[in-house]
Amino acid sequence: MVHLTVDIGGKPGVNCRGFCAYCYFKHAKDVPPFGCRYCLPFKKGCDYCSRGVKEEYADFYSLKEVADNFLADLQSVTGDITRITISGGGDPSCYPEFKSLMEILGSLGVPLHIGYTSGKGFDEPETADFLIANNLTEISFTVFAADPALRAKYMHDPTPEASLAVLEKLAAKIDVYAAIVILPGVNDGEVLEETLSWLENVGVKGVILMRFANGEEQGLILANSPILEGQRMHTAEEFRALVAEAAARHPNLRLSGTPLFDPLFDSPFAIRKEEELLSHLPRVTKKVSVVTGAVAAPYIAEILAKCGGDPSMVVPVKKEIACLMTIDDLKALDASQLADVVIIPGRAFVHDAEAETVLGRQVIRGPEMLTADGETSMGMDEAGVLTMEMEGFAALIQMINLYGA
Ligand code: SF4
């Protein structure tokens, strides 16, 4: 199984026919590097945390650049290529040489997958036939609403009817996954119900509902809040309830939400209810402070308690999403209340040395993943989700027992 990715470059918003109203990258500032798990111990800032996280490409790559890079990748793989994914910072549907690119890749006879598109660049329904003829087998498509007027207003799609017609035609023949960012009072409630019914009728394979973020605590770390002045947000629990209700109304639709939750597996942290699996995890015998995001904290505390640990060792920061924790979150903690050793999320945007200075104690980077959010679990089965959680928590508990007091 060899999967290749074709990177077309591009800048979110800029290479998308303009910003969607809710786009995370809108107002993104050129903030200094955060520090991250890839940084060298003596240097805060690496390519990933200073450039990659902002998806900072100058523009789309030219077709020649895309083809050259792809050929280089092709030469370095052994075995048959089973899938090619087209992705980039910009929107593939807006790539100026999209048709030529599809024809080149389509001629290879390998299933093609478009990792993410808003579809704003699709101006004719017939584009769907062209894509299918060129071996497209899977696409993730942002919808916002089945109502073209709302799509035009909030996504700035100049041809919303055509884009939706492309989605409809594709869904009849290939695997289409729809993504919807939910703006409370705009595309939730009745609008969401109509959109989900439409998506179900046209035959999409799955829908991911994404909570709109408008504040730094929800994860806007690029000095880019608010995205929409005065726009209300759902709390994580309100959003969980919205996802649960939507899933109950559409049992034939594979539906999940992020940050909470995937009703099919009751994830993230599905393992908390699996007593048999929990009994196979190591027992927690020591104590550290496990600093994590506000959404994950109660789940992690529950699981560690079921493994014999003290749930009070889990310390939430104000940032809701653990992977988007920055040094400011650590600065806001009362360090005097922490244990001598602190474990931070594996993916936190923090430089290890700076974290130790700020907290005045040993800081260990924890496992990369303890669970799968709704976006990730959408493409997994239950065994995959539970295995990921078992591995993550086994690693975390081993760290606690190794470094703790
Ligand atoms: S298509 Fe995606 S990346 Fe582009 S502006 Fe809209 S939300 Fe942002």
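Based on the mean of other Cβ atoms within 10 Å per residue, sort peptides 316-329, 333-346, 178-191, 220-233 so the most packed one is first. Provide the component values of the computation, followed by the final result.
Values: 316-329: 21.1, 333-346: 17.4, 178-191: 19.3, 220-233: 15.9.
Highest mean packing first, the order is 316-329, 178-191, 333-346, 220-233.
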Margin query: Need one number: nm distance between label points at K29 and E124, each 7 Å from Cα along Cα→Cβ, rounded to one decimal.
Written below: 4.5
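Order the peptides 86-92, 250-256 from the highest to the lowest mean number of other Cβ atoms within 10 Å of their residues.
Details: 86-92: 23.4, 250-256: 16.6.
Top to bottom by mean Cβ count within 10 Å: 86-92, 250-256.
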Item checked: Helix 189-202 axis, angle to the chain major axis (alpha carbon atoms, nearest 10°) -> 60
Check: How high is the FRET efficiency between H280 and K99 when r is their beta carbon distance and R₀ equals 60 Å, given to the nearest 0.05?
Finding: 0.70
Note to self: At 222 nm, what value in deg cm²/dmol follows for the chain if DSSP H runs of at least 4 each add -39500 (n - 2.57) and the sum is divided by all its residues, to the nearest 500?
What the structure shows: -10000 deg cm²/dmol
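Would you work out the relative contact order for the chain, in percent, from Cα pairs under 8 angstrom that are 6 or more residues apart? Mind dumping the intermediate values first?
Numbers: 814 pairs, mean separation 59.7, N = 405.
Reported as a whole number, the value is 15 percent.
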Next item on the list: Counting only C-alpha contacts under 8 Å and six or more residues apart, can you give the relative contact order of region 270-403 as a whole percent?
Entry: 27
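For A244 and Q362, FRET efficiency with R0 = 51 Å and r from the beta-carbon atoms, rounded to 0.05? It would help to have the intermediate numbers written out before the result.
Values: r = 40 Å, r/R0 = 0.79.
Between Q362 and A244 the formula returns 0.80.
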Checklist line | Gyration tensor (Cα) of region 270-403, equivalent ellipsoid semi-axes in angstrom | finding: 24, 17, 12
Check: Helix 160-173: angle to the longest alpha-carbon principal axis of the chain, degrees 0 to 90, nearest 10?
Finding: 80
Next item on the list: Compare the peptides 272-285, 15-28 by average per-residue count of other Cβ atoms within 10 angstrom and give them in order, highest first.
Entry: 15-28, 272-285
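Every number here is computed from the coordinates shown, using simple stated rules; none is lab data. This is a predicted model, so every value here is computed, not measured. Quick reminder, even Gly has a Cβ in these numbers, built from the backbone with ideal geometry, and neighbours come from all protein chains shown.
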